[in-house]
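Read-outs: derived from the displayed coordinates by stated rules, not from any lab. Everything quoted here is computed from the prediction, not taken from an experiment. Note that each Cβ is placed from the backbone with ideal geometry, even for glycine, and that neighbours are counted across all protein chains shown.
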Amino acid sequence: MHTLEHRGQGLGKRLIKELLSKAEENNVTRTLVGSSNKRWQQTASFYDQLGFNMWYVQMYK
């Protein structure tokens, strides 16, 4: 099965929510995620929906 066939099914959100829950159970108070891809707007939106805030933007040419 191709990776893109899984998009839109909520698997990523469920995984992140479970990881955050486990982190909280273990007294982890800060979480940092990073991503490097051309679809940064979609990535930022994905993490925004999960309560993350943008910290910085790095650009290149």
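Would the stretch 48-60 turn up any residue that is over 11 Å from the mean Cα position of the chain (by Cα), of a type in the set (A, V, I, L, M) and surrounded by 10 or more Cβ atoms within 10 Å (Cβ to Cβ)?
Scanning the stretch 48-60 turns up no residue that is over 11 Å from the mean Cα position of the chain (by Cα), of a type in the set (A, V, I, L, M) and surrounded by 10 or more Cβ atoms within 10 Å (Cβ to Cβ).
Applying the selection to the stretch 20-61, what residues are more than 23 Å from Gly10 (Cα to Cα) and either of a type in the set (Ser, Thr, Tyr) or assigned to a helix (DSSP H, G or I) (or both)?
Thr29, Tyr56, Tyr60
Yes or no: Leu4 without any contact (Cβ under 8 Å) to a residue 40 or more places away in the chain, surrounded by 11 or more Cβ atoms within 10 Å (Cβ to Cβ) and assigned to a helix (DSSP H, G or I)? Walk me through how you get there before you give the answer.
Details: without any contact (Cβ under 8 Å) to a residue 40 or more places away in the chain: yes; surrounded by 11 or more Cβ atoms within 10 Å (Cβ to Cβ): no; assigned to a helix (DSSP H, G or I): yes.
No, not satisfied.
Return the total of residues in the stretch 21-47 being surrounded by 10 or more Cβ atoms within 10 Å (Cβ to Cβ), within 11 Å of the chain's Cα centre (by Cα) and of a type outside the set (Phe, Trp, Tyr).
7
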